[in-house]
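Asker: My questions all concern the structure below.
Rule-based calculations on the coordinates, nothing more; no lab input. Model, not experiment: these values are computed from the prediction. With ideal geometry, Cβ positions are generated from the backbone for all residues, glycine too; neighbour counts draw on all protein chains shown.
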Amino acid sequence: MRICVIDGQGGGIGSAIIKRLKEEFLEKAEVVALGTNSAATAAMMRAKANRGATGENAIVRTAPSADVIIGPLAILMAHSMMGEVTPRMAAAIGGSPAQKFLLPLVQEKVEVIGTLTEPLPHLVEKVIVRLRPLIK
């Protein structure tokens, strides 16, 4: 199974997700770090992703081959993350046949009605719980 973790800016969200994925699933899944910038990719690689790539083309080419995509909700929004998510990135992620687990963490002027505000570690644990039946 190929899990793509997508993040931007400093890569802190993606790093937390990857660290927990590797603790839980060890090498049962290939974890690919896709950063909107090199700092995000580097941070996710330090969290022990199996592979990593940076930028629009890497995301556009890799998202369609993912089984699962994990990241903040903002990865589906063109021009989010201070402009780091391009329209092509958002379209490729949204159009990917992969199962998407999106964390409702947005800094944009977006509010997801009906969600509870929870700290990142709690959200990451919810992703792990959802992935357990998928990873054998």
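Asker: Students often get this wrong, so try it: which of (1) 20, 18, 14; (2) 26, 17, 12; (3) 30, 19, 11 is semi-axes √(5λ) of the Cα gyration tensor in Å as calculated from the structure shown?
Answerer: (1)
Asker: Next question. What order do you get for Ile135, Ile18 when you list them from fewest to most C-beta neighbours inside 10 Å?
Answerer: Neighbour counts put them in this order, fewest first: Ile135, Ile18.
Asker: Let me ask something additional. Counting pairs of alpha carbon atoms under 8 Å apart in space and at least six apart in sequence, what relative contact order in percent does the chain give?
Answerer: 25 percent
Asker: What size of dipole, in debye to the nearest 20, comes out for the stretch 2-131 about its Cα centre when the only charges are +1 on Lys and Arg C-beta atoms and -1 on Asp and Glu C-beta atoms?
Answerer: In debye, rounded to 20, the stretch 2-131 gives about 260.
Asker: Sticking with this one: Could you calculate the contour length gain from Arg61 to Lys109, that is, 0.36 nm times the residue separation minus the distance between their Cα atoms, to one decimal place in nm?
Answerer: Taking Arg61 through Lys109 to full extension adds about 14.4 nm, to one decimal.
Asker: Can you compute the modelled spin-label distance between Leu116 and Glu23, with each label point 7 Å from Cα toward Cβ, in nm?
Answerer: About 2.1 nm separates the two model spin labels.
Asker: Would you please name the trypsin sites (Lys or Arg not before Pro) within the stretch 45-119 that are DSSP coil residues with at most 13 other C-beta atoms within 10 Å of their C-beta?
Answerer: Answer by residue number: Lys109.
Asker: Any lysines with Cα under 16 Å of the Lys100 Cα? List them, leaving off those in the same chain fewer than 8 positions away.
Answerer: Qualifying lysines at Cα under 16 Å: Lys126.
Asker: What residues of the stretch 7-24 lie in the reach of a label at Lys48, counting those whose backbone N is under 13 Å from a point 7 Å from the Cα along Cα→Cβ?
Answerer: Inside the label zone: 16-24.
Asker: Another question, then. Apply the Karplus curve 6.51 cos²θ - 1.76 cosθ + 1.60, θ = phi - 60°, to the phi angles in the stretch 18-34 and return the couplings in whole Hz, x for Gly and Pro.
Answerer: Residue by residue, the stretch 18-34 yields 5, 4, 6, 4, 5, 5, 7, 10, 6, 10, 6, 9, 7, 9, 10, 8, 10 Hz.
Asker: Next up: Alpha carbon centre of the stretch 3-75 versus the stretch 82-128: separation in Å?
Answerer: If we compute the Cα centre of each part, the gap is 13 Å.
Asker: A follow-up question, please. Please work out the Kirkwood hydrodynamic radius for the stretch 1-69, using every pair of different C-alpha atoms, and report it in angstroms with one decimal place.
Answerer: 11.3 Å
Asker: With n ≥ 4 as the cut-off for DSSP H runs, can you work out [θ] at 222 nm for the chain, using -39500 (n - 2.57) per run divided by the number of residues, rounded to the nearest 500?
Answerer: It lands at -11500 deg cm²/dmol.
Asker: Say R0 is 30 Å: what FRET efficiency, to the nearest 0.05, do Ala39 and Lys136 get from their beta-carbon distance?
Answerer: It comes out at approximately 0.30.
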